[in-house]
Amino acid sequence: MGIRRVRVGCEFVYTAVVETPAVFQIEPQDAAPIGLGQQRWSLDPKMRTRHYTDLYGNPCVRVILPAGRSLLRYEASVTVPDATEDADEYAPELPPDDLPDDVLIYTLPSRYCLPDTLGDEAWSRFGSMATGYGRVQAICDYVNSHLTFSYGSSRAGTTAVDANISGFGVCRDFTHLAISFCRALNIPARYVFGYLPDMDVPPDPAPMDFAAWMQVWLGDRWWTFDPRNNTRRKGRIVIGQGRDASDVAMVTTFGAPLLESMTVYADEAPA
């Protein structure tokens with residue numbers, strides 16, 4: 001299997017009234033099958049950075065935004081497999097008692113994923129289906145057709161229940177809803193976000209943004225599913241994973257600085 005090289009990065013411009021501590025979660029995880037190459041941060045004015053790993057194993061960077069205007073830019077070179085994600089139509093669901101201890105948390109309700117509220121609907125729609133990979137794919141098929149992608153259709157507090165009622169959302173809402181249905185059926189599912197380049201697919205005319213998808217525990221491993229795009233893709237570059245979007249916020253500020261602009265890119269580099 002060959003590899004391809006992708007250039008990823010982002011830029012944030014903030015204006016703050018006072019010095020404001022912040023945490024950025026925008027660096028890719030350096031874990032197979034992804035290869036993380038050269039990274040570079042550009043900060044104007046200069047700021048001290050402190051790196052740490054959160055309880056989910058995600059790389060994070062702490063800074064203090066100065067009073068006034070500041071620019072933070074990150075870029076990295078990444079290698080990815082020249083292949084779509086793995087799939088296995090025979091991958092089985094496990095009964096709760098057979099799940100690994102550290103996977104159990106991904107069957108429980110969280111801030112945005114509400115399997116307890118959506119449980120009746122999940123069981124009525126998917127409860128009679130054959131268990132396993134195919135049932136998870138059926139959940140993705142339903143969410144993909146039920147929700148209409150629309151920028152500005154959800155707010156910071158929008159839950160899976162809200163999106164399910166409105167019928168609109170962005171990629172995080174698609175993911176929260178699919179995760180909620182999975183968890184309601186006792187299928188562990190976790191939220192993932194990262195960079196998703198347009199590799200071997202028609203280019204999306206909308207500006208590039210961070211992408212959200214999910215991983216589901218079937219058999220003895222996590223499998224990737226994408227309720228928003230609902231197709232296997234090349235080049236997914238994971239930044240973080242957790243119970244839902246609240247665990248992997250790309251920026252957390254301990255104050256109220258104004259975000260003037262945000263730019264994201266994930267482009268295949270020349271061979």
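Every residue, every condition in (1) over 14 Å from the mean Cα position of the chain (by Cα); (2) among the polar types (S, T, N, Q), yes or no:
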| residue | (1), (2) |
| --- | --- |
| Asn229 | no, yes |
| Gly240 | no, no |
| Ser246 | no, yes |
| Val251 | no, no |
| Ala256 | yes, no |
| Leu259 | yes, no |
| Tyr265 | yes, no |
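Give segment 136-155 a look and list any residue that's surrounded by fewer than 20 Cβ atoms within 10 Å (Cβ to Cβ) and over 18 Å from Ala211 (Cβ atoms), or say none. Of everything in segment 136-155, those that are surrounded by fewer than 20 Cβ atoms within 10 Å (Cβ to Cβ) and over 18 Å from Ala211 (Cβ atoms) turn out to be Gln137, Ala138, Asp141, Tyr142, Ser145, His146, Arg155. Here are some residues: Gly235, Gly240. Which one is under 20 Å from Gln29 (Cα atoms), surrounded by 13 or more Cβ atoms within 10 Å (Cβ to Cβ) and in contact with a Pro (Cβ under 7 Å, 6 or more places away or on another chain)? Just a single option satisfies the conditions, and that option is Gly235. The set of residues in segment 162-181 being assigned to a helix (DSSP H, G or I) and open to solvent by less than 30 Å² (accessible area, probe 1.4 Å) consists of Ala163, Asn164, Cys171, Asp173, Phe174, Thr175, His176, Leu177, Ala178, Ile179, Ser180, Phe181. Looking across segment 105-126, the residues that are part of a loop (DSSP other than H, G, I, E, B) and either among the hydrophobic types (A, V, I, L, M, F, W, C) or surrounded by 15 or more Cβ atoms within 10 Å (Cβ to Cβ) (or both) come down to Leu108, Pro109, Ser110, Tyr112, Cys113, Leu114.
Annotation: Tyr90 fulfils all but one of (1) under 21 Å from the mean Cα position of the chain (by Cα); (2) aromatic (Phe, Trp, Tyr); (3) closer than 27 Å to Lys234 by Cβ; the unmet one is (1). Among the candidates Pro96, Pro66, Pro115, the residue that is farther than 30 Å from Arg5 by Cα, in contact (Cβ under 8 Å) with a residue 60 or more places away in the chain and over 20 Å from the mean Cα position of the chain (by Cα) is uniquely Pro96. In segment 93-104, the residue that is farthest from Ile187 (Cα to Cα) out of those that are in a loop (DSSP other than H, G, I, E, B) and touching a helix residue (DSSP H, G or I) at 6+ places or on another chain (Cβ under 8 Å) is Leu99.
The values are calculated or read from the model by the stated rules, or taken from the named source; none is laboratory data. These numbers were taken from a predicted model, which means no experiment stands behind them. Counting neighbours? That spans all protein chains shown, and the Cβs are built from the backbone with ideal geometry, glycine included. In case anyone asks, the SASA skips ligands and DNA or RNA and just uses the protein heavy atoms, side chains included. Shrake-Rupley method; radii C 1.70, N 1.55, O 1.52, S 1.80 Å.
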